[in-house]
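Remarks on the structure that follows.
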Amino acid sequence: MQRLPGLDLLRALAIVAVICTHSWLVGGMGNGFGWIESYGWMGVDLFFVLSGYLIGHQLFVRYERSGRLDLKAFYRQRAYRILPAYLVVVAIYFAAPGLREQPVIQPLWQFLTFTMNLFVDQRVPHAFSSAWSLCVEEYFYLLFPLAILVLAPRIRARRVVVVMASLMLLGMAWRGFAWSQSAAPADGGVWEMDIWRYMQLVYYPTYARLDGLMCGVALAMLSVYRQPLWQRLQRNANALAILGIIVVGFAAWIFRDTLTFAAFVFGFPMLSIGLALLVASAASPTGLLGKTRVPGVAWIAGASYSIYLTHKASLKIAVRYLPASLNHRGIVTFLCCVLVAVGIAALLHYLVERSFLRLRDRRKRSVALVPAAEVGGAVQE
């Protein structure tokens, strides 16, 4: 799969949205930007859909061509791509507590086992909490190739769809159960749930956040096993984009109150379906998203993993040392801090991330699993 500018655009938008939703670290973005601060977290779900689509496409194509998967090669490539930059950031968080955006941090063993999205008291803000989404993706990378082999020797689209739909339904059932067990009547008899319980039971756990990954895998299934239908969809890329925007807008309306039963159960599937429509549109070279070229977008997309890893601590460091004349200035303060954050991320990207990618490319086998342009979620091959 060649590099697709439309997917780079979505990836860049996703990381920008995530940074905006964490603008509270520098005092917010100022008047007029409340909507992106409130809904920027959806960028993470966009990363999930991208991961499901691109990693799913990669593995389905490989299996169709050879009838097998080289698990060792796949896991090695994932390790080279993800672990070096991640472990450097984890080491900095534990070696230099003064650089953390929050004083409290979870035990090191949870970061090393990618379980820091579990077993945590969300009533206390934690440093490097954004790594929760890496936990979701890491277990997807670990288990998804094994699931393909379980469904072998012949993968049937219907069977895979049943498995994916079952996982999404189980996630909906769990979130509904979590709401029913944790919500309590407040004044006026309205049932409400504390935000910390929501984060602990619904927002962070891997088993509750599979909707985006499954929708991405569904796109991969279409692109590999239902090519005539996929090609028809690609020819109607702009219609897909419009429909995706409508569905995402409806999901945002559901999430206007995050702690309702409707948001718990139906919000994430609706959001993931809308984002999947946008990804399908962006994957088409004939649609508006696929043809859009914005200077700097490709670099932001390529460095998005390093930006994601470092942006929270970087924003906090930047605002701490900003000149008084630039502090408490709303969007001006935010943009200054973002520039610092991008600069710090660039150091990680060039010194660690790309160095290990070059090392991986030198050591990988003669038959590569995937070209360097195939990208997953917040991380890039």
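The values are calculated or read from the model by the stated rules, or taken from the named source; none is laboratory data. On a predicted model such as this, the values are computed, not experimentally measured, just so you know. Note that each Cβ is placed from the backbone with ideal geometry, even for glycine, and that neighbours are counted across all protein chains shown.
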Worksheet item: Within the group Leu210, Leu233, which residue is touching a residue at least 40 places away in the same chain (Cβ under 8 Å), farther than 27 Å from Trp35 by Cα, out of contact with any Asp or Glu (no Cβ under 8 Å at 6 or more places or on another chain) and surrounded by 16 or more Cβ atoms within 10 Å (Cβ to Cβ)?
Response: Leu233
Worksheet entry | Within the stretch 213-230, tally of residues that are buried (at least 21 other Cβ atoms within 10 Å of the Cβ) and touching an Asp or Glu at 6+ places or on another chain (Cβ under 9 Å) | 1
Practice prompt. With the condition kept exactly as written, say whether any residue in the stretch 91-110 is crowded, with 18+ Cβ neighbours inside 10 Å, assigned to a helix (DSSP H, G or I), in contact with a helix residue (DSSP H, G or I) (Cβ under 7 Å, 6 or more places away or on another chain) and of a type outside the set (Ser, Thr, Tyr).
Written response: no
Response to the item:
In the stretch 41-80, residues that are crowded, with 18+ Cβ neighbours inside 10 Å and under 26 Å from Ile15 (Cβ atoms) total 22
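On the given criteria, is Gln122 under 14 Å from Gln200 (Cα atoms), in a loop (DSSP other than H, G, I, E, B) and not hydrophobic (A, V, I, L, M, F, W, C)?
Working: under 14 Å from Gln200 (Cα atoms): yes; in a loop (DSSP other than H, G, I, E, B): yes; not hydrophobic (A, V, I, L, M, F, W, C): yes.
Judged against the criteria, Gln122 is a match.
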Worksheet item: Got a sec? Which of Leu213, Leu201, Leu170 is modelled with pLDDT of 95 or more and either touching a Cys at 6+ places or on another chain (Cβ under 7 Å) or under 25 Å from Leu118 (Cα atoms) (or both)?
Response: Leu213
Worksheet, complete the sentence: (1) modelled with pLDDT of 95 or more; (2) within 22 Å of the chain's Cα centre (by Cα); (3) among the β-branched types (Val, Ile, Thr) all hold for Val120 apart from (1)
Worksheet item: How many residues, within the stretch 12-44, are on the phi < 0 side of the Ramachandran plot, of a type in the set (Gly, Ala, Ser) and not in a helix (DSSP H, G or I)?
Response: 1
Fill in: Scope the stretch 96-145; condition among the aromatic types (Phe, Trp, Tyr) and either in contact (Cβ under 8 Å) with a residue 40 or more places away in the chain or touching a strand residue (DSSP E or B) at 6+ places or on another chain (Cβ under 8 Å) (or both); matching residues
Phe128, Trp132, Tyr139, Phe140, Tyr141, Phe144
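This table checks each residue for (1) within 18 Å of Gly244 (Cβ to Cβ); (2) without any contact (Cβ under 8 Å) to a residue 24 or more places away in the chain; (3) in contact with a Cys (Cβ under 6 Å, 6 or more places away or on another chain).
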{"residue": "Ala17", "(1), (2), (3)": "yes, no, no"}
{"residue": "His22", "(1), (2), (3)": "no, no, no"}
{"residue": "Gly34", "(1), (2), (3)": "no, yes, no"}
{"residue": "Met42", "(1), (2), (3)": "yes, no, no"}
{"residue": "Leu59", "(1), (2), (3)": "no, no, no"}
Worksheet item: Only one residue in Ala73, Ala14, Ala91 is in contact with a Gly (Cβ under 9 Å, 6 or more places away or on another chain) and small (Gly, Ala, Ser). Which one?
Response: Ala14
Discussion item. Any residue that is within 22 Å of the chain's Cα centre (by Cα), at positive phi and at pLDDT below 95 - is there at least one of those in the stretch 292-303?
Written reply: yes
Fill in: Candidates Ala252, Ala276, filtered to the one that is assigned to a helix (DSSP H, G or I), touching a residue at least 24 places away in the same chain (Cβ under 8 Å), closer than 27 Å to Val61 by Cα and of a type outside the set (S, T, N, Q)
Ala276
Practice prompt. Looking only at the stretch 176-196, decide whether some residue is over 23 Å from Val124 (Cα atoms), part of a helix (DSSP H, G or I), touching a helix residue (DSSP H, G or I) at 6+ places or on another chain (Cβ under 6 Å) and modelled with pLDDT of 95 or more.
Written response: no
